[in-house]
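Here the structure comes first, spelled out in structure tokens, and everything after it is commentary.
The values are calculated or read from the model by the stated rules, or taken from the named source; none is laboratory data. A quick note: this is a predicted structure, and the numbers were derived from the prediction, not measured. Note that we place each Cβ from the backbone using ideal geometry, even for glycine, and neighbour counts take in every protein chain shown.
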Amino acid sequence: MSSAAVEKFRNQIEESIARLLSRANDSRRLEIEDLRERVGKSIEKYVLRNDKNASVSDIKAFVDGLAADDLCLIIACERGDEKAWVNLVKNFDGTVKSAARKYSNNAEDAEDLASSIWAELYGLKHDKDGKLKTKLSYYSGRGSLGGWLRAVVSQLAIDGFRRQAKFVQVEETREFENLAHGSSENSDNAKVLHASSNPEDTFSAKQTQKDVSNALKQAISKLEPEDKLILKLYYFDDLKLKDIGAALGFHEATASRKIVRIQTEMRKSVEKILTKEFGWKPEEVKRHLTDAASKLDVGLERMFALLLALALVQEFWN
């Protein structure tokens, strides 16, 4: 179903959104325009996709059934409303932690899962337009926000189990490969491994690694003292988000958001340094980082976090 199907109900949808905002105890100073896209996509997905002949009354009934306060809260958070974020954490932190305990073997794992939920809600990646991608964008207002958050916890817990299983398999494979590499220098296997090395590729890889490492160090040196401390506590001292927040006087969800922000700013800084100071072309930055992530079998954001952690370890040990 195309967006044209939604457009023909534009007036009725806007009238329904106006009623939704009036129903909310706290509309978060949102306007009809702020909700139009979200509500329109929900109508397209849950009403028009199943019934091409849906009536105006069907559209109105659907919007009137949305959770007004919850939807306004989530959209305000997406728009960067700090007060909305404080309210979200205050009102639903217990819900997230309670759900996390159901999918964890112990209290420590439950805390880790709850922290990761808040990071996912705040956003870990950016879309092609540079906008932060957050799981909040999936909340449609159908049903309670608490129920939706419990479902998010469940899904992320399942995803985590799958990643862990994959990680174990990868480690087992590496162990086998290490045994193969440990064969005698005179063995046929060793000769094949040595013959496959390309000196030019090896030099290029080392130079790339050196440039990225130097760019990371420069970017770290430009951080604000608090940002550097947060990264040190998280990567170098291996503190949990809850402990970082307690040490610096804010909630663990805020600590998670700060880390995501710092990571994002660091990545942009590194890319800028690589192009401005090391002469990399934009396409080279994208290609080299993507290739490295592919070889590590992780996402680009995760790989950058690993590189950042390594750079921090090197800085504090040197």
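Starting from residues that are closer than 22 Å to Cys77 by Cα and over 20 Å from the mean Cα position of the chain (by Cα), keep the ones in segment 226-270 and report whichever is surrounded by the most Cβ atoms within 10 Å (Cβ to Cβ).
Phe250
What are the residues in segment 1-49 that are of a type in the set (Gly, Ala, Ser) and in a helix (DSSP H, G or I), if any?
Just the residues of segment 1-49 that are of a type in the set (Gly, Ala, Ser), to begin with: 2-5, 16, 18, 22, 24, 27, 40, 42.
Answer for segment 1-49, where residues must be of a type in the set (Gly, Ala, Ser) and in a helix (DSSP H, G or I): Ser3, Ala4, Ala5, Ser16, Ala18, Ser22, Gly40, Ser42.
Any residue at all in segment 75-96 that is touching a Ser or Thr at 6+ places or on another chain (Cβ under 8 Å), of a type in the set (D, E, K, R) and not assigned by TED's automatic domain parsing to the domain that holds Lys242?
yes
From the set of residues in segment 4-34 that are touching a Gly at 6+ places or on another chain (Cβ under 9 Å) and surrounded by 11 or more Cβ atoms within 10 Å (Cβ to Cβ), which is nearest to Leu71 (Cα to Cα)?
Ranking the candidates gives Leu20 first.
Which of the residues belonging to segment 222-238 are at pLDDT 80 or above and part of a loop (DSSP other than H, G, I, E, B)?
Within segment 222-238, Lys222, Leu223, Glu224 qualify.
Determine which member of the set Ser98, Ser140 is of a type in the set (Ser, Thr, Tyr), part of a loop (DSSP other than H, G, I, E, B) and either modelled with pLDDT of 90 or more or within 24 Å of Ala246 (Cβ to Cβ) (or both).
Details: Ser98 fails: part of a loop (DSSP other than H, G, I, E, B).
Every option except Ser140 fails the conditions.
For Leu216, only one of the following conditions fails: (1) without any contact (Cβ under 8 Å) to a residue 40 or more places away in the chain; (2) farther than 27 Å from Glu111 by Cβ. What is its number?
Tallying (1) without any contact (Cβ under 8 Å) to a residue 40 or more places away in the chain; (2) farther than 27 Å from Glu111 by Cβ, Leu216 fails exactly one: (1).
Return yes or no: is Ser104 under 25 Å from the mean Cα position of the chain (by Cα), part of a helix (DSSP H, G or I) and buried (at least 16 other Cβ atoms within 10 Å of the Cβ)? Reasoning before the result, please.
Numbers: under 25 Å from the mean Cα position of the chain (by Cα): yes; part of a helix (DSSP H, G or I): no; buried (at least 16 other Cβ atoms within 10 Å of the Cβ): yes.
No; evaluated as a whole, the condition is false for this residue.
Scan the helices (runs of 4 or more DSSP H) fully inside segment 240-318 and keep the ones with 1 or more residues being of a type outside the set (Asp, Glu), modelled with pLDDT of 85 or more and under 28 Å from Ala110 (Cα atoms). It would help to see each step written out before you state the result.
Numbers: elements: 241-248, 252-276, 282-296, 300-317.
So the answer is 241-248, 252-276.
Going through segment 63-87 one residue at a time, which ones are without any contact (Cβ under 8 Å) to a residue 24 or more places away in the chain and in contact with a helix residue (DSSP H, G or I) (Cβ under 7 Å, 6 or more places away or on another chain)?
Asn87 - this is the single residue of segment 63-87 that is without any contact (Cβ under 8 Å) to a residue 24 or more places away in the chain and in contact with a helix residue (DSSP H, G or I) (Cβ under 7 Å, 6 or more places away or on another chain).
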